[in-house]
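Read-outs: derived from the displayed coordinates by stated rules, not from any lab. Here the structure is a predicted model, which means the values were calculated and not measured. With ideal geometry, Cβ positions are generated from the backbone for all residues, glycine too; neighbour counts draw on all protein chains shown.
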Amino acid sequence: MSAQASNSLTRWLRDPNPASRRQARLGQAWMGWLRMRRNPLAMIGLSITVLLLLVAAFAPWLAPHDPITQSLPNRLMPPLSPGHLMGTDDFGRDILSRIIYGSRITLTIIVLFTLTAPVFGLLVGTVAGYFGGWTDEILMRITDIFLAFPKLILALALVSVLGPGFQNAVLAIAITSWSPYARVARAETLTVRNSDYIASIRLQGASSLRIILGHVIPMCLPSVIIRATLDMAGVILIAAGLGFLGLGVQPPMPEWGQMISAGRKYLFEQWWVATMPGLAIFVVSLGFNLLGDGLRDVLDPRSAGK
C-alpha cells in the first residue's frame, strides 16, 4: 500500500499539467531534487552542509569536553591521545570540542550574513534595475565604490574602526559583501522589467512596490541564492581571517581562525593545534562550493536541460 501511495505521489509531482500553483511548485522542487541527486559532488556538498548543521545543533552532546576549561597538565597532547581524539592545545583544551563548538560560531556568521548582505543587495539591485535613470546611476555608483575595494581589506578597516568583536565582525562582512548581489539582481531585473507579463501587471494598476516585491524579486532569487551559496566559503575565510588577526571573535571562544592563530607558533612541533581547525575550514568551505555548483545546475534555467 505504501508503494502504491509513493507511486501515486510521484505521478502527482511529475504531472505535466498541474491543477494548482502548489502542485506546480512542489513538482518543480521535486524535479530539482532529482537533478541534484544525480550530481554526486553536489550531494557531497549537501552532506557536509547538513553535517555542519547537525554538529552545531547537538554540540553540547557531541563535544567530549568543555571547550573553554583549561587543563595545563594535559597541554599539547597529540591526536589519538586517551580522551582527546584530535589532541589538545597550549592550554590543555580539547581541540575536537573546540572545533565542534566553533561550528556554532561559523554557522551563526553564515546565517547573519545570509539575512543581511544578500537581502540588502537584492533590494538595491532590483530598485536600480526597475526604475533606471538617476536612481540606477546613483545606486550603481555606490555599488561600484564598494566593489573597488577588496572585501578583506575593507572588512579589516571597518573592524579597526568599530573595534574587535563578534558583532562588529559580522557587520563588517555584511557591509563589504552586499555589492555583488546588487549587480546580479540589477542584471536579472533588466531582463524582466520590460517583459510582457510585467507590462500586463502594470496595466492592471499594480504599484511599483508590488511589482518589485511580488514579481521581480522572485525572478532574481535563484541567481542570488546561487551566488550566496558560492560566497559562503569566502565569508568563512574572511571571518577566520579576522579571528586570526584578533579582530573577530575574542578568546577564549572557540573560533576556528583564532584557533589557527593560537597554534601557529607550534606549527612545526605540535602541528595538530593549527592543522585541525584549518581542516575544518577547508572541509566546510569545500562543502558550500560543491553545494553552490549543484544549486546552479538546479536553479539556473539555462542548465535545466543539461
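Observations, loosely collected:
- Entry note, the range 1-110: relative contact order of 19 percent, from Cα contacts under 8 Å with a spacing of 6+ residues.
- Computed log10 I(q)/I(0) for the chain at 0.08, 0.12, 0.15 Å⁻¹: -0.47, -0.92, -1.18, from the Debye equation with unit scatterers placed on every C-alpha and solvent omitted.
- Dipole of the range 41-303 [Lys/Arg +1, Asp/Glu -1 at C-beta], most positive-end residue of Pro218, Val55, Met140: Met140
- Degrees separating the helix 133-147 axis from the principal Cα axis of the chain, which is the longest one: 20
- Of the two radii for the range 245-291, the radius of gyration is 1.04 times the Kirkwood radius, both from the alpha carbons; that is the Rg over Rh value.
- Based on every Cα atom in the range 1-117, Rg and the maximum pairwise Cα distance Dmax equal 22.3, 70 Å.
- The chain - percent relative contact order, Cα under 8 Å, separation 6 or more: 23
- Taking amide hydrogens as placed 1.01 Å from N in the peptide plane, the amide H of Asp90 sits under 5 Å from those of Leu76, each at least 5 positions away in sequence or on another chain.
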